[in-house]
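Inspection log for the structure reproduced underneath, given as structure tokens.
The values are calculated or read from the model by the stated rules, or taken from the named source; none is laboratory data. Just so we're clear, the structure is a prediction, and the values are computed from it rather than from any experiment. Cβ placement follows ideal geometry from the backbone for every residue including glycine, while neighbour counts extend to all protein chains displayed. When the accessible area is computed, the model is the full protein with side chains, heavy atoms only, and any ligands, DNA or RNA have been set aside. Shrake-Rupley method; radii C 1.70, N 1.55, O 1.52, S 1.80 Å.
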Amino acid sequence: MVATAATASFFPVSSPNSGSSSKNAKLGSANLGLKSKSASGGLQVKANAQAPPKINGTSVGLATVESGKHGDDISSPPARTFINQLPDWSVLLAAITTIFLAAEKQWTMLDWKPKRPDMLIDPFGLGRIVQDGLVFRQNFSIRSYEIGADRTASIETLMNHLQETALNHVKTAGLLGDGFGSTPEMTVRNLIWVVTKMQVVVDRYPTWGDVVQVDTWVSASGKNGMRRDWIIQDLKTGQILTRASSVWVMMNKVTRRLSKMPDEVRGEIESFFMNSPPVVEEDGRKLPKLDDKTADFVRSGLTPRWSDLDVNQHVNNVKYIGWILESAPLPILESHELSSMTLEYRRECGRDSVLQSLTAVSGADIGNLGSNGGVECQHMLRLEEGAEIVRGRTEWKPKYANSLGIVGHLPGESA
């Protein structure tokens, strides 16, 4: 009887004498939704169970119902205490550690000090205007690919530094137009700068890893020209390494002819002129013209590559220096180093040109250079058909000799 009553409570069976259907059994909060229908003498059961609820994280449902059906009391949820309401301590500790490490990293970056005093001086090599806005200063680190067989920077490396600072000076001063160093007024008139004369004196060549400081400024040169000077010095010691002075004029990039300086252009650049003498004393000696009879060494078949052209579609000035030294005798290159150079640019060179490099050695026995001191050479770079491109003079001193010459100085700062 008891078993039958219990079974009937879960699976009520309709009585043939009863006209009403059985109702769903509900115990506690669990709605089992058990329904039965009599069809063709069979029993069909349809379950519509719901997820058991939770109280304070503890599931209650069938187990509670089962205990209730045996007359047991429904178990109560665990008591809420201070301990089981606290957050997860491991998560809190990880958050505190992360915050501490981030703060320590920021403090380390703010308190960082360079191992060498020159590491934070113009670290990105952008340069800046100094001395009342008239001198441009930029630092360069000598790279491994900029040194030669003597473990020192090549003359081409130094010349590239001169050219880079000249252009950055124009750019920083706000005078850079569309051309290669041209001002806005020059750009409107299709004018560009071309160098006519360059004098360079090298007292000492920097080595790999050295940081050099390059200062440059401009001055007037006659009515239609401009002079630009440079000083390169060792940033660590302050020793002046190289001095250079150059003269520039304007050329129409369409007609390829020299041009006078328009008043509009003069108004743009005149306020940047310094009233100072050149850092290299003018060499008034005439540069001789060489030919096949007067030259001791000739190198032919020199042609510019596409990478030798600048944005004005003519050969970069620094490339001429490399071509001039192509005909310098190897014994001089091995035992001496270039100490000074004077170049006069006569004509520009195009990308389809074929050139010859000529060199004459003055007053020296090439086979007995060890007993000689300094050596002087005359140079000429010309097209194969004879038109002159550059005339030059170079002076060489024995390698590792102490340079005791008078070094240049920066122009005095205005009061």
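Some points to look at:
- Label-point separation in nm, ASP296 to ALA149, each point 7 Å along Cα→Cβ: 1.8
- Average accessible surface area per residue within segment 283-400, 1.4 Å rolling probe, Å²: 47
- Tail fraction, Cα-Cα pairs, segment 173-314, threshold 24 Å, whole percent: 49
- Accessible area in square angstrom per residue, segment 119-282, 1.4 angstrom probe: 47
- Length released on extending from ASP283 to VAL311, taking residue separation times 0.36 nm less the Cα-Cα span: 7.0 nm
- Rolling a 1.4 Å probe over the protein heavy atoms of segment 283-400, with every protein chain left in place, gives an accessible area that is 46 percent carbon and sulfur.
- Across the cross-link table entries LYS286/LYS397; LYS197/LYS286; LYS223/LYS289; LYS236/LYS319; LYS197/LYS260, which are compared at the Cα atoms, the separations over 24 Å belong to LYS223/LYS289; LYS236/LYS319.
- The label point for ASN224 and the one for ASN252, both projected 7 Å from the Cα toward the Cβ, are 1.1 nm apart.
- Efficiency of FRET between ASP234 and ARG266 - r from beta-carbon atoms, R0 51 angstrom, step 0.05: 0.90
- For segment 119-282, carbon and sulfur atoms together expose 52% of the accessible surface, with a 1.4 angstrom probe and every protein chain in place.
- Å³ per residue enclosed by the Cα convex hull of segment 283-400: 117
- Simple spin-label estimate for LYS105 and GLU348 gives 5.3 nm between the two label positions (7 Å along the Cα-to-Cβ direction from each Cα).
- In segment 243-316, the GluC sites (Glu not before Pro) that fall in loop regions by DSSP, at most 14 other Cβ within 10 Å: GLU281, GLU282
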